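Contents: one structure, followed by commentary.
The values are calculated or read from the model by the stated rules, or taken from the named source; none is laboratory data. Note that the structure is a prediction, hence the values are computed from the model and not measured. Positions of Cβ are backbone-derived with ideal geometry, glycine not excepted, and every protein chain shown enters the neighbour counts.
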């Protein structure tokens, strides 16, 4: 069995679960902001607790804080985007079912 030519496939096969471009952009911005805030918090924690020359520990604290914060927000963002896409798909399916039911009811009354 051969795979169909991609040019022969339909452009859209129904509602997409892909989140909107705005939602993806907001998720990206949230991850960046969380990384910056986590980096500042990590730097500040080391800066307050370390005395003397602490350049390397401060950088390490900033890096670890940034990675942890950005990673945590990224996980939440992915879950939110998936939920939004699934919710939109379910709504589209329900609207399609309601339309089909209304059409069927109208055909019965005719």
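Here residue 103 meets the list (1) exposed (fewer than 11 other Cβ atoms within 10 Å of the Cβ); (2) in contact with a helix residue (DSSP H, G or I) (Cβ under 7 Å, 6 or more places away or on another chain) almost entirely, failing just condition (2). Within this structure, residue 74 fails the test of being at pLDDT below 90, part of a helix (DSSP H, G or I) and surrounded by 11 or more Cβ atoms within 10 Å (Cβ to Cβ).
On inspection, residue 92 does not qualify as surrounded by 10 or more Cβ atoms within 10 Å (Cβ to Cβ), touching a residue at least 12 places away in the same chain (Cβ under 8 Å), in contact with a helix residue (DSSP H, G or I) (Cβ under 9 Å, 6 or more places away or on another chain) and part of a helix (DSSP H, G or I). State whether one or more residues within the stretch 7-16 are within 25 Å of the chain's Cα centre (by Cα), at positive phi, loosely packed, with under 14 Cβ neighbours inside 10 Å and modelled with pLDDT under 90. Within the stretch 7-16, one or more residues are within 25 Å of the chain's Cα centre (by Cα), at positive phi, loosely packed, with under 14 Cβ neighbours inside 10 Å and modelled with pLDDT under 90.
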